[in-house]
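Student: Pasting a structure here, questions to come.
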Amino acid sequence: MSSVGEEFPKEQARVREILGYYKEIGPPGMFGAITIRQKLSRADKAMASGNIIAILQSFEELKAVK
């Protein structure tokens, strides 16, 4: 069984990969890319702060990115 501490960075990496796909789409993917960047920014800030509540919220938010 994995912990959020192990899975959160993996989820960030997965979403960064998805961001690359949105960038490749070009202008039609712009809104999605902006939204994903905002989520990643919040996740990065949560990780840096060590605030477990913010980390858990960001983790759930990242898991919803498709």
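Student: It is to be established whether one or more residues within the stretch 42-49 are hydroxyl-bearing (Ser, Thr, Tyr) and at pLDDT below 95.
Tutor: No, the stretch 42-49 contains no residue that is hydroxyl-bearing (Ser, Thr, Tyr) and at pLDDT below 95.
Student: Looking only at the stretch 17-66, filter to residues that are more than 11 Å from the chain's Cα centre (by Cα) and not in a helix (DSSP H, G or I); which one of those is farthest from Ser2 (Cα to Cα)?
Tutor: Among those residues, the one meeting the criterion is Gly26.
Student: Test Phe59 against the stated conditions and say whether it is in contact (Cβ under 8 Å) with a residue 40 or more places away in the chain and of a type in the set (Phe, Trp, Tyr).
Tutor: The answer is yes for Phe59.
Student: Further question on the same structure: Pairs needed: first member in the stretch 21-50, over 20 Å from Lys66 (Cβ atoms) and touching a residue at least 40 places away in the same chain (Cβ under 8 Å); second member anywhere, not in a helix (DSSP H, G or I) and not aliphatic (A, V, I, L, M); C-beta distance under 6 Å; at least 6 residues apart or different chains.
Tutor: Listed pairs, sorted by first residue: none to list.
Student: While we're looking at this one, here's another question. Would you tally the residues in the stretch 3-31 being closer than 15 Å to Lys63 by Cα and among the small types (Gly, Ala, Ser)?
Tutor: Going through the stretch 3-31 one residue at a time, the tally reaches 3.
The values are calculated or read from the model by the stated rules, or taken from the named source; none is laboratory data. No experiment lies behind these values; they were computed from the predicted model shown. Note that we place each Cβ from the backbone using ideal geometry, even for glycine, and neighbour counts take in every protein chain shown.
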